[in-house]
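Peer 1: Handing you this structure, nothing more for now.
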Amino acid sequence: MRIRRRILFAFIVTIVSGANILIYSPSYSKSHLLLNGRIADTLSRAAHNVVMFIPEYAVTDYNGTQIAKTIYMRAISDAFAHLLARISDTFFESQIWALQEMEGWAYTCSNMCEAILHRKDELEQLRKYKFDVGFSEQLDLCGAGIIRYLGIPTHIWLSSGPIYESIGYLLGVPTPLSYVPIAENADLSVRMSFMERAFNFYLWLREIYFHRLETNLSTEKFRQLVNANFPHLRDIAAESALCFVYSDEFLDVTRPILHKTVYVGGFGISPQPSSLQEPFSSMMQKGNEGVILMSFGTVVPSSSLPSNVRKDFFKVFAEFSDYHFLVRISSDDEESRQLAKYIRNVDLLEWMPQMDILGHPRLRLFIMHGGQRGILESTIRGTPLLVVPFFVDQFRNARNVEYRGIGLSLQKHEINFEELKKKLHELLENDKYSKAVRRLSSMIHNKPNKPEEQIVKWTNFVAEFGPLPELTVEGAKFNFIKYFCLDVILVVFLALFAALMTLILAVRWVMAQFRSNVHNVSKKIA
């Protein structure tokens, strides 16, 4: 069956004439470039002409693609680097982004967008490619504006994780806050108490407010530097043909979506892991009971973790002597090197073939930070998780791992020797987690629509038919009051209030008449 599917897929690819495609991918982080690079390669293999445009938010030579043409816009501004530095100073103490950090994000996105627009000569070079379709991420809307500025007729949104509520708001995606925790900074599960639902509502209002602030600021930059009548970025974004979501229907929070929402989680992950080379092959043979992998990704370097946290981790590793631990550390983390020096069951690594290690039969557990890509990779490979979330969507991702029964979460402020030990014992000794993750893995492997096919087929479709206004819901055009029927609710409330007041006044009048009559009768009797 798989061979027939691949033959059919190859046939579809060959009969479609190549479109010119732009992927707008700022260098937010290596993981974002990796995901967008995989899309670029997938579309390039499908005979499309793909250019990956990388405005340099963070300095990097990495592009994530092996096939597509890459164009960098170097040394734009240091605003993004300054924001990351401010956040990294407090990321371990704060549970969610403070209001000033969210405001800082809005102004940083606007400043970076302004810096890009000042480089019109480089943007005009992109115009020469005459792109048919443009992709951009959901983190900020400057990409949607750049795609409109370049005259690209069709826009597709890329989501590197679950759909952010601000994006859902623009597209008209319903977000029932009673059971859908918002994606940003919400340490909430789908089963919420009254206070948690109230907090979720507050977080949603906060996100929409700062999203509107950021898009207003960035729109103003386009109107100052491009055209005074340039459309609002929110209006441009609402007209997007599709939204590719890097998540999976069986793993993500079950929620309402639109026809233009296409789940593509797991694309670029091969069905079977590759054979490990040395020294990783030998490392996986260590440990009587198996191997445990720990990595907090590229955004959270191990050197940024507090000393007491690192000490507790290595103390726990030594306690579980029947297991071998592969721990990814940053190059400047000398403290971890000293802590691991006399612990026999630990290997420290600055790089590892993560996807292939996750698929090794001796791997028992993955300790990670809650990034969507890592959770998907671990789920597809059938490995249980211990998630320690640090920012943005990682909190909800961690709670969702627990909800799906494929692992446990541990909040960063709760990390200590006893908690770590308890979580590891539960995950390693209770086989319900491995059973649940193997079931999810099998479902993802065998579901009818494969992510690579979805990306190629839908991109081919929009390249031929354009922005697909038929998939745009009317609600995407409504303002806040109309979308939520606040005007109707107000009128109904006023009508009910008027009816209640009328009833009260009528009852009072009747009672007054009754008392008056009783009084008159009493006087006559007297």
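Peer 1: Given the -39500 (n - 2.57) contribution per DSSP H run of 4+ residues, what per-residue ellipticity at 222 nm results for the chain, rounded to the nearest 500 deg cm²/dmol? List each step's numbers first, then the result.
Peer 2: Numbers: 20 runs with 259 residues, N = 526.
Rounded to the nearest 500, the figure is -15500 deg cm²/dmol.
Peer 1: Would you mind pulling out the separation of the Cα centroids of segment 454-482 and segment 119-136, in Å?
Peer 2: Taking the Cα centre of segment 119-136 as reference, the centre of segment 454-482 is 22 Å away.
Peer 1: Leaving out same-chain residues fewer than 8 places away, which lysines sit with a Cα under 22 Å from that of Lys120?
Peer 2: Lys69, Lys128, Lys130, Lys221
Peer 1: While we're here: Working only with C-alpha atoms, what are the Rg and Dmax values of segment 280-446, expressed in angstrom?
Peer 2: Gyration radius and largest Cα-Cα distance of segment 280-446: 14.7, 45 Å.
Peer 1: Moving on. Loop-only trypsin sites (Lys or Arg not before Pro) in segment 39-75, please: DSSP not H, G, I, E or B, and at most 12 other Cβ atoms within 10 Å. Kindly include the intermediate steps, with their values, before the conclusion.
Peer 2: Details: sites: Arg45, Lys69, Arg74; in loops: Arg74.
Hits after loop and neighbour filter: Arg74.
Peer 1: Then there is this: Excluding residues fewer than 8 places away in the same chain, name every one of the lysines whose C-alpha is closer than 24 Å to that of Lys421.
Peer 2: Correct list for Lys421: Lys286, Lys311, Lys315, Lys341, Lys412, Lys432, Lys435.
Peer 1: I'd like to know which of Ser303, Pro273, Tyr342 lies farthest towards the positive end of the charge dipole of the chain, counting +1 on Cβ of Lys and Arg and -1 on Cβ of Asp and Glu.
Peer 2: Selected residue: Pro273.
Peer 1: Same structure again: Skipping prolines and chain starts, which residues have an amide H placed within reach, meaning under 5 Å, of the one on His155, given they are 5 or more residues away or on another chain?
Peer 2: Amide H neighbours of His155, under 5 Å, 5+ apart: Gly134, Ala241.
Peer 1: When the label point is put 7 Å from the Cα of Tyr62 along its Cα-to-beta-carbon vector, which residues of segment 26-43 have a backbone N closer than 17 Å?
Peer 2: Hits in segment 26-43 for Tyr62 at 17 Å: 26-41.
Peer 1: Which distance in nm do the two modelled labels at Ala228 and Leu494 give, with both placed 7 Å along the Cα-to-Cβ direction?
Peer 2: According to this spin-label approximation, the distance is 3.8 nm.
Peer 1: Now for a separate question. In segment 478-522, what chymotrypsin sites (Phe, Trp or Tyr not before Pro) fall in a loop by DSSP, with at most 12 other Cβ atoms inside 10 Å? Display every interim value, and only then the final one.
Peer 2: Working: sites: Phe478, Phe480, Tyr483, Phe484, Phe493, Phe497, Trp509, Phe514; in loops: Phe478, Phe484.
Hits after loop and neighbour filter: Phe484.
Peer 1: Taking amide H positions as placed 1.01 Å from N in the peptide plane, with prolines and chain starts having none, which residues 5 or more places from Ile367, or on another chain, fall under 5 Å of its amide H?
Peer 2: Distant-sequence amide H within range of Ile367: Leu293, Met294, Ser295, Leu386.
Peer 1: Using each residue's phi in segment 32-38, evaluate 6.51 cos²θ - 1.76 cosθ + 1.60 at θ = phi - 60° and report the 3J(HN,Hα) Karplus result to the nearest Hz, with x for Gly and Pro.
Peer 2: Couplings: 5, 5, 4, 5, 5, x, 5 Hz.
Peer 1: If contacts are Cα pairs under 8 angstrom and at least 6 residues apart, what is the relative contact order of the chain in percent? Write down the numbers at each step before the final one.
Peer 2: On the way: 848 pairs, mean separation 76.6, N = 526.
Once divided by the residue count of the chain, the mean separation gives 15 percent.
Peer 1: Which loop-located trypsin sites (Lys or Arg not before Pro) does segment 219-323 contain, where loop means any DSSP state but H, G, I, E or B and the Cβ has at most 14 other Cβ atoms within 10 Å? Don't jump to the answer; show the numbers that get you there.
Peer 2: Working: sites: Lys221, Arg223, Arg234, Lys260, Lys286, Arg310, Lys311, Lys315; in loops: Lys260, Lys286.
Those that pass, being in a loop and sparsely packed, number zero.
Peer 1: So what are the ³J(HN,Hα) numbers for segment 229-235, from phi and the Karplus equation (6.51, -1.76, 1.60; θ = phi - 60°), rounded to whole Hz, Gly and Pro as x?
Peer 2: Running phi through 6.51 cos²θ - 1.76 cosθ + 1.60 with θ = phi - 60° gives 9, 4, x, 5, 4, 5, 5 Hz.
Peer 1: Now a separate question. Mind running the shape call on segment 486-525? Use the C-alpha gyration tensor, a ≥ b ≥ c as the square roots of the eigenvalues: rounded below 1.5 for a/c, prolate if a/b tops b/c, oblate otherwise. Don't jump to the answer; show the numbers that get you there.
Peer 2: Working: a/c = 10.40, a/b = 10.36, b/c = 1.00.
Here segment 486-525 falls in the prolate category.
Peer 1: Right, next: Which of the cysteines found in the chain have nothing to pair with, since no other Cys Cβ lies under 4.7 Å from theirs?
Peer 2: Cys109, Cys243, Cys485, each lacking another Cys Cβ under 4.7 Å.
Peer 1: Considering only Ile39, Ala75, Asn416, whose Cα is most displaced toward the positive end of the charge dipole of the chain, charges sitting on Cβ of Lys, Arg (+1) and Asp, Glu (-1)?
Peer 2: Checked the options; the winner is Ile39.
Peer 1: Please compute the modelled spin-label separation between Gln454 and Tyr72, points set 7 Å along Cα→Cβ, answer in nm with one decimal.
Peer 2: 3.3
Peer 1: Taking H as built 1.01 Å from N, whose amide H comes closer than 5 Å to the amide H of Thr70, not counting residues under 5 places away?
Peer 2: When sequence neighbours closer than 5 places are left aside, the close amide H contacts are Met52.
Bear in mind that the values in this text are calculations on the coordinates, not laboratory data. Treat the numbers as computed from the prediction; the structure is a model and nothing was measured. Neighbour counts run over all protein chains shown; Cβ positions are idealised from the backbone, glycine included.
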